[in-house]
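Take a look at the structure set out below.
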Amino acid sequence: MNFGTISTLVLRNLGNRTDLAASLIPELVNVVYQKLVTQSSFPEYGRNKPIPCPPLDTTANLTFATSAFTASLPGDVLFIISTRDITNGAGLHQRDIRIFDRKKSTQNGSPSHYTSYGGAFYIDPPTDKNITITVRYRKTLALPVLVVPTDVPVIGTQWHYALVLGATAEGAASLNFPNAQVWADKFASFIRENAESSTEEEEDFDDGFNLVM
């Protein structure tokens, strides 16, 4: 679904008001688009993972020598999606930087936790051998904006309709439509129903707040 189709559907949902087409509709769509691209989770909608963006989701391998506990992240990291120690065959649990600093081990071992701060990636405990950690992450995008009708969103195609629902909800609320909450509920339901189910084993975050820094 391209920007033109999305805008047409939003305009239809808002009553085909021609005074909205040139100004408000593109703004509404892009507000929602930027949110879906740049947020790492949507807890208010029951989704604890980012919306897939195939062109922006990539992988990097970080190497650590024995006793090392930090490595530089690629310069285009927006947020980390998941990590895995491919040498030891184990996943890592994320920790908030403040908890990480308080609980950091003084002895080497097989890393079990990680955090990121200021462009650096930290592991704990420091590794007891040379290892490689795979980091899956969302790349930065200067400003995700849809401009011309043929522009196609970078989010996965199954999420394009979320732009229609989200922009309609934003527009209905700003225009004080009596059915504004109905559209907000439809948007929330769409995000929630498309969320992958998670188990405790799949969660990679513990001890503190999940901050993007």
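The values are calculated or read from the model by the stated rules, or taken from the named source; none is laboratory data. Since the model is a prediction, treat every value here as computed from it, not as a measurement. A quick note on method: Cβ atoms are made from the backbone with ideal geometry, for glycine too, and the neighbour counts reach across all protein chains shown.
Observations on the model:
- Residue match in the stretch 131-148 (condition: modelled with pLDDT under 90, surrounded by 14 or more Cβ atoms within 10 Å (Cβ to Cβ), touching a Lys or Arg at 6+ places or on another chain (Cβ under 6 Å) and closer than 25 Å to Leu78 by Cβ): no
- When Gly15 is tested against (1) modelled with pLDDT of 95 or more; (2) under 30 Å from Pro178 (Cα atoms); (3) outside any helix (DSSP H, G or I); (4) not aliphatic (A, V, I, L, M), only condition (1) is not met.
- Hey, Leu36 in contact with a helix residue (DSSP H, G or I) (Cβ under 6 Å, 6 or more places away or on another chain) and part of a helix (DSSP H, G or I) or not: no
- Residue within the stretch 99-110 that is modelled with pLDDT of 95 or more and part of a strand (DSSP E or B) present: yes
- Filter result (touching a Gly at 6+ places or on another chain (Cβ under 9 Å) and more than 22 Å from Asn179 (Cα to Cα)) within the stretch 18-32: none
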